[in-house]
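Beneath this line is the structure, given in structure tokens, with notes to follow.
The values are calculated or read from the model by the stated rules, or taken from the named source; none is laboratory data. Remember, predicted model here, so these are calculated numbers, not experimental data. For neighbour counting, all protein chains shown are included, and Cβ atoms are generated from backbone atoms with ideal geometry for every residue, glycine included.
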Amino acid sequence: MRSKLLRHSFLTMTISAILAGCSTQSFNKKIETADVDLLKEESLMRYNTNRLDTMDSQENDFISKALLACHQNKFTKGMNLLETEMHKNKTNPFYWNALGTCYSLSKDFSKALFYYDLGIEALPMVKDQSKVLAEATLTNNLGLIHLKFKRYNEAYDSFTRSKTLIPNFFTPQFNIAQLYIEFNENDKALEMLKKLELKNPDDIDLLYSLSLLYFRKNDLDKSFSTIQRIKSNYLNRPDIVGLYAYNLMQKNRLKEAKEIIEKRLYADEYNQRNKFLLEEIETKIKEQAKKDNK
């Protein structure tokens, strides 16, 4: 049975205007170091710098070389490496998964979906134990494409299928939690993320999501203490900085909140949110100044 989140209309969500913006936008934000990356060994969408450096220094198969090139934004190189091997790999789901991932990284989501589907079609050809891993990986990645097209039911079904295939697969669990956040199923999201926190308590996106959930539950002390656990060089990330500044504002640390907002050059998707927040911070600074002058 599907979760009740699937019966909610996207238009009825009550996400705070200050923190507006799809929570799933954080899926592909770069994480530089392996120690703060829970999904470092699982997600083909989330190669941290350490993982890329390791791949670059080793002799790898053509699929790994292609994925490395695509993560380095050398899409033509990566896709050429894959396409020259297409005839030999028509029944290899991992091949189609890599090709889909390269197209996804290049933001050609329609082609990514097409190649992930080809990977699913190739699964019956796999006769060994790798079939389960191939299906779980492909199904999770299909879910991410469904999210891009705002097909939330299909995304939820894909992530759930992936998790069912490999119960200790962290990536689909994290993605399901993001869907719960998207639809304000905050208790369900918190329960899932708290379990993942035990696996890697320093993961950047996990801490951001937990801080957001505590904020929504009006536990502002816990929201602030959680976001402070994020390594300082990530607090400036465009999707994180707004929540961090809001927490600073709630603690009446208005000048710090104003400075962190003003110094950051934001990605377009976060401009409106952060400008709105900056206006609120500046208003509070003026109000505070009036009180101090009385």
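Here is how the numbers come out for the structure above:
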{"quantity": "Selection status of residue 152, more than 19 Å from residue 165 (Cβ to Cβ) and among the hydroxyl-bearing types (Ser, Thr, Tyr)", "calculated": "yes"}
{"quantity": "Of the criteria (1) at pLDDT 85 or above; (2) aliphatic (A, V, I, L, M); (3) out of contact with any Lys or Arg (no Cβ under 7 Å at 6 or more places or on another chain), which one residue 81 fails", "calculated": "(3)"}
{"quantity": "Pairs with Cβ under 8 Å, 6+ apart, first in the stretch 139-155 and at pLDDT 90 or above, second of a type in the set (Val, Ile, Thr) and surrounded by fewer than 22 Cβ atoms within 10 Å (Cβ to Cβ)", "calculated": "139/120; 142/120"}
{"quantity": "Which numbered condition residue 176 misses (of (1) more than 30 Å from residue 220 (Cα to Cα); (2) touching a helix residue (DSSP H, G or I) at 6+ places or on another chain (Cβ under 6 Å))", "calculated": "(1)"}
{"quantity": "Test: residue in the stretch 245-262 that is touching a residue at least 60 places away in the same chain (Cβ under 8 Å) and either under 27 Å from residue 168 (Cβ atoms) or not β-branched (Val, Ile, Thr) (or both)", "calculated": "yes"}
{"quantity": "First in the stretch 94-118 and among the basic types (Lys, Arg), second anywhere and crowded, with 17+ Cβ neighbours inside 10 Å, Cβ under 7 Å, 6 or more apart", "calculated": "111/103"}
{"quantity": "Count of residues meeting criterion [modelled with pLDDT under 95 and over 24 Å from the mean Cα position of the chain (by Cα)] in the stretch 59-76", "calculated": "4"}
{"quantity": "Exclusive hit being hydrophobic (A, V, I, L, M, F, W, C) and either closer than 24 Å to residue 180 by Cβ or crowded, with 24+ Cβ neighbours inside 10 Å (or both), set 138, 118, 105, 123", "calculated": "138"}
{"quantity": "Residue match in the stretch 115-129 (condition: of a type in the set (S, T, N, Q) and either closer than 28 Å to residue 219 by Cα or in a helix (DSSP H, G or I) (or both))", "calculated": "no"}
{"quantity": "Count of the stretch 146-162 residues which are over 14 Å from residue 176 (Cα atoms) and not basic (Lys, Arg)", "calculated": "1"}
{"quantity": "Of all residues making up the stretch 189-216, the number that are assigned to a helix (DSSP H, G or I), crowded, with 19+ Cβ neighbours inside 10 Å and touching a residue at least 60 places away in the same chain (Cβ under 8 Å)", "calculated": "8"}
{"quantity": "Residue list for the stretch 217-236, restricted to those being part of a helix (DSSP H, G or I) and either in contact with a helix residue (DSSP H, G or I) (Cβ under 9 Å, 6 or more places away or on another chain) or surrounded by 13 or more Cβ atoms within 10 Å (Cβ to Cβ) (or both)", "calculated": "220, 221, 222, 223, 224, 225, 226, 227, 234"}
